[in-house]
1. Give the shape of region 10-75 as rounded, prolate or oblate, defined through the alpha-carbon gyration tensor: a ≥ b ≥ c are the square roots of its eigenvalues, a/c under 1.5 means rounded, and otherwise the shape is prolate if a/b is larger than b/c and oblate if not.
2. Classify region 195-279 as rounded, prolate or oblate from the Cα gyration tensor: take a ≥ b ≥ c as the square roots of its eigenvalues, call it rounded if a/c is under 1.5, otherwise prolate when a/b beats b/c and oblate if not.
3. At a 10 Å Cβ-Cβ cut-off, how would you order Ile214, Ile97, fewest neighbours first?
4. Residue by residue through region 106-120, what is 3J(HN,Hα) from phi via Karplus (6.51 cos²θ - 1.76 cosθ + 1.60, θ = phi - 60°)? Round to whole Hz and write x for glycine and proline.
5. Counting other beta carbons within 10 Å of each residue's own, what order do Thr100, Thr270 fall into, fewest first?
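Computed from the coordinates by the stated procedures, all read-outs in this text should not be read as laboratory data. This is a predicted model, so every value here is computed, not measured. Please note: Cβ atoms are built from the backbone with ideal geometry, for glycine as well, and neighbour counts cover all protein chains shown.
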Amino acid sequence: MEVIAFTGPPGSGKSDRALVVAYENKASCIIDDGILIYHNRIAAGKSAKREPSRLGAVRRALFWDTLQAEDVRRKIEKIRPDRILILGTSDKMAQRIANTLKLPAPSKYIHIEDVARPEEIEQAQEARNKDGKHVVPVPTMELRPYFKGYLIDSLRFFRNRGSTKRKGSARQKEREERSVVRPVFSYYGKLTFSNRVMESLVRYSVNNMKKIKIYDVSSERSTGQMNGIVLSIDLKVRQGTPQEIKKIIHTMRDKIQREIEYTTGMSLETIKLNIITDVTR
């Protein structure tokens, strides 16, 4: 099984172009915002666009729900597709989804800039920011049972295929349909977290690690990844051998990453550590 990642910032038009990208790369399955799409139908999962908050939507898209992840894994095992297209806001997000679903790491990365012109991306982002509209790459009739009470419109495009049935025959056009929904969380503003919140989460995550003492925590948004966070931590690690200290730091990083990503829905891109310790030999 081959996994292909299709990534780009939120609202840049990935879902709008997912069907075309999947077709051109011969991917029969698409994973987008928490759902598995197979042959233009929702096969498994739960859509992040149904969540009442942005935080819940991010968790849903990343398959934090073990039952949701297992549901999608079982369906993939049953379908046994040759290729799967995973949509994400960054390469790292696509990698994390593949890892959570126990799929191979992406062998190919396609970025929205590879398939859309700058003005098309700008137009898509304007529709997202101004009107709160999100695209789901399945037909409206398929989507309605899942989105009762939501604003749903249909979009159609024609995909050209070369037809060789008869000499001189015109190209046949296959029509595909996507749907536009307006999630509840699209009415809300931008989600941000203060340094104080990040510091509290860091301290809480390592509260039971007695060999670590946190002095200071600062955070900033990543400049290289959408919804990414960079943490800087000053800490002291109690005396130990190099192997012991290395193990403690590794455990601490895992705990901090899990807590922050689960609680905030943000992606922890980097942890910068300033460590004070005494090494024994």
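1. Verdict is oblate for region 10-75.
2. It is prolate, given that a/c is not under 1.5 and a/b is the larger ratio.
3. Numbers: Ile214 18, Ile97 24.
Going from sparsest to densest Cβ surroundings: Ile214, Ile97.
4. Once θ is set to phi - 60°, the couplings for region 106-120 become x, 9, 8, 10, 10, 9, 4, 5, 6, 10, 9, 6, x, 5, 6 Hz.
5. Thr270, Thr100
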